[in-house]
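Worksheet for the structure shown next.
The values are calculated or read from the model by the stated rules, or taken from the named source; none is laboratory data. As the structure is a prediction and not an experimental result, all values here were calculated from the model. Every residue, glycine among them, receives a Cβ derived from its backbone with ideal geometry; neighbour counts consider all protein chains shown. Each accessible area value is taken on the protein alone, full model and side chains, heavy atoms only, with ligands, DNA and RNA left out. Shrake-Rupley method; radii C 1.70, N 1.55, O 1.52, S 1.80 Å.
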Amino acid sequence: MRTSMACVLLLGLASCEQAPARKPPAEVPISEYRVEGPAPEAPPPEGKDDAGSTPPLATSGLEGKTEGSTTPATKLDAKNGFAGVQLGAAFKSFRNLKESERSGDHITYKMLRGTPSYGGIALKDVSYTFNKGKLDTIVFSVKANKDCKAMKESLERELGAPQSTSAQAQVWKGEKVGLRFAISPNSSCGGSVVSRELADAISWAGLQP
């Protein structure tokens with residue numbers, strides 16, 4: 001009785017029931033201990049920067065430029081001509097030509113008779129320009145429009161990849177000889193073959209697509 005009264009007076013408790021013993025904290029092996037911290041931030045969605053905006057697309061710096069082989073057209077240099085005719089050939093070795101244009105030392109002649117061909121594809125409107133009596137430029141058209149694709153493929157097989165190209169034209173450029181082949185919007189096609197040494201600078205520069 002005395003003990004019960006003392007509990008009430010000293011502790012102000014409604015009863016003096018003994019509190020349950022507290023269990024010691026569970027021991028965690030040091031190898032399994034982990035420090036909790038804030039959850040890592042999720043990476044921004046693909047294509048977004050840290051601010052949530054879409055970064056500008058990377059550019060290659062080649063917009064508007066033509067692409068092609070970086071190796072000079074060595075096969076074209078080795079041929080040094082077109083359709084069996086060699087650049088630098090003397091005018092006196094040709095027959096059936098008629099003068100069509102003259103500019104200083106450069107004289108252009110049209111072929112009057114005969115149908116030259118390239119890879120079995122018939123040509124037309126073939127003309128030769130001579131500089132001081134030596135052939136510096138050959139200009140030609142493909143006779144049938146349906147053969148334009150085959151002509152393009154034949155040039156690629158024989159000469160390799162062009163050095164530059166556009167939607168309508170391809171250019172092969174060696175150290176000594178250049179060739180430009182183009183297909184027009186009306187599906188006709190033709191080209192020119194130029195000697196860098198003998199032709200004027202404008203003709204060489206005009207090879208670009």
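Exactly one condition in (1) acidic (Asp, Glu); (2) without any contact (Cβ under 8 Å) to a residue 24 or more places away in the chain; (3) surrounded by 14 or more Cβ atoms within 10 Å (Cβ to Cβ) is false for GLU153; which is it?
So GLU153 meets the others, but not (3).
For region 120-139, give me each residue that is among the small types (Gly, Ala, Ser) and open to solvent by less than 70 Å² (accessible area, probe 1.4 Å).
ALA122, SER127, GLY133
Inside region 76-110, can you point out the residues that are touching a Phe, Trp or Tyr at 6+ places or on another chain (Cβ under 8 Å), open to solvent by 40 Å² or more (accessible area, probe 1.4 Å) and assigned to a helix (DSSP H, G or I)?
Hit for region 76-110 is PHE91, nothing else.
Out of curiosity, is THR129 out of contact with any helix residue (DSSP H, G or I) (no Cβ under 6 Å at 6 or more places or on another chain), in contact (Cβ under 8 Å) with a residue 12 or more places away in the chain, β-branched (Val, Ile, Thr) and closer than 21 Å to ALA89 by Cβ?
Against the criterion (out of contact with any helix residue (DSSP H, G or I) (no Cβ under 6 Å at 6 or more places or on another chain), in contact (Cβ under 8 Å) with a residue 12 or more places away in the chain, β-branched (Val, Ile, Thr) and closer than 21 Å to ALA89 by Cβ), THR129 qualifies.
With respect to the numbered conditions (1) closer than 18 Å to LEU198 by Cβ; (2) acidic (Asp, Glu); (3) modelled with pLDDT of 95 or more, which one is the sole condition not fulfilled by ASP105?
All conditions pass for ASP105, except number (3).
Could you check region 161-186 and list, in sequence order, the residues that are exposed (fewer than 15 other Cβ atoms within 10 Å of the Cβ) and over 15 Å from the mean Cα position of the chain (by Cα)?
GLN168, GLU175, SER184, PRO185, ASN186
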